Amino acid sequence: MLHPAESVRAELIARLAALGVEVAADWPASAAVSKADFLFVDVDIGHDNQIPWEPGTAPIPLIGLVRSESPGRLAWALGQNCDAFPSQAALGLVYSTLVIAAAKSAERLCVRRREAETARRAGMRDVLVRAVLAIMQAEGVDELAALR
């Protein structure tokens, strides 16, 4: 968890501990982030340099804790592609926050894998075309036969 307020960190640690979740909490950064299964981060003063991945590419569920609803800070959280946005006033809803964030993160990672596979295949189209042309010439067959 990356949050500047000790009171918020303590409350969230207690709620997560009740669920059997071990928490590392710090501010402004933590080496534990790279080993985390999920990350809670303060949306109000969090920044890109605290998070060890490119904005929008979190490899784990990312949960943005919202205190004020400033458009710029919410835009930052959306740019980070946070999986859940609980209000700090609603920390009692941490279980549902974890469930939602885990589901959204899994969906986001699945889309990312699918996009990477699509890009990989698209990058190989020229190889396929060259192979089909070579087979057509070598075997004296039409496009469909060469493709098969």
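How far, in nm, would the chain grow between VAL21 and ASP48 when pulled straight, counting 0.36 nm per residue and subtracting the alpha carbon separation?
On the way: separation 27, 0.36 × 27 = 9.72 nm, distance 2.54 nm.
Extra length available between VAL21 and ASP48 comes to 7.2 nm.
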| said: If R₀ is 41 angstrom, what is the calculated FRET efficiency for the pair SER87 and ARG120, using the beta carbon separation as r and rounding to 0.05? | reply: 0.50
| request: Can you tell me the FRET efficiency between LEU144 and LEU109 if r is taken as the Cβ-Cβ distance and R0 is 35 Å, rounded to the nearest 0.05? | output: 0.40
| query | Between ILE63 and residues 5 or more places away or on another chain, which pairs have amide H atoms under 5 Å apart, with H built 1.01 Å from N, and which residues are they? | reply | LEU39, PHE40, VAL41, ASP83
| said: Can you give me the long-range amide H partners of SER30? Hydrogens built in the peptide plane at 1.01 Å from N, cutoff under 5 Å, separation of 5 or more residues or another chain. | reply: none
| If you take the charge dipole of the chain about its Cα centre, with +1 on Lys and Arg Cβ and -1 on Asp and Glu Cβ, which of ALA119, VAL23, GLY79 is farthest toward its positive end? | ALA119
| said: Normalised by the empirical 2.2 N^0.38 Å for globular proteins, what value does the Cα Rg of the stretch 1-62 take? | reply: 1.07
| request: Sort all Cα-Cα distances of the stretch 6-115 into consecutive 10 angstrom bins from zero, then give the percent of pairs in each bin up to the one containing the longest distance. | output: 14, 49, 33, 3, 0
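Using a 10 Å cut-off on Cβ atoms, rank the peptides 51-63, 27-39 from the highest mean neighbour count down.
Numbers: 51-63: 17.4, 27-39: 15.0.
Sorting 51-63, 27-39 by mean packing, highest first, produces 51-63, 27-39.
Where a number appears in this text, it was derived from the coordinates with a stated rule and is not lab data. Fair warning: this is a prediction, and the values are worked out from it, not measured in the lab. Quick reminder, even Gly has a Cβ in these numbers, built from the backbone with ideal geometry, and neighbours come from all protein chains shown.
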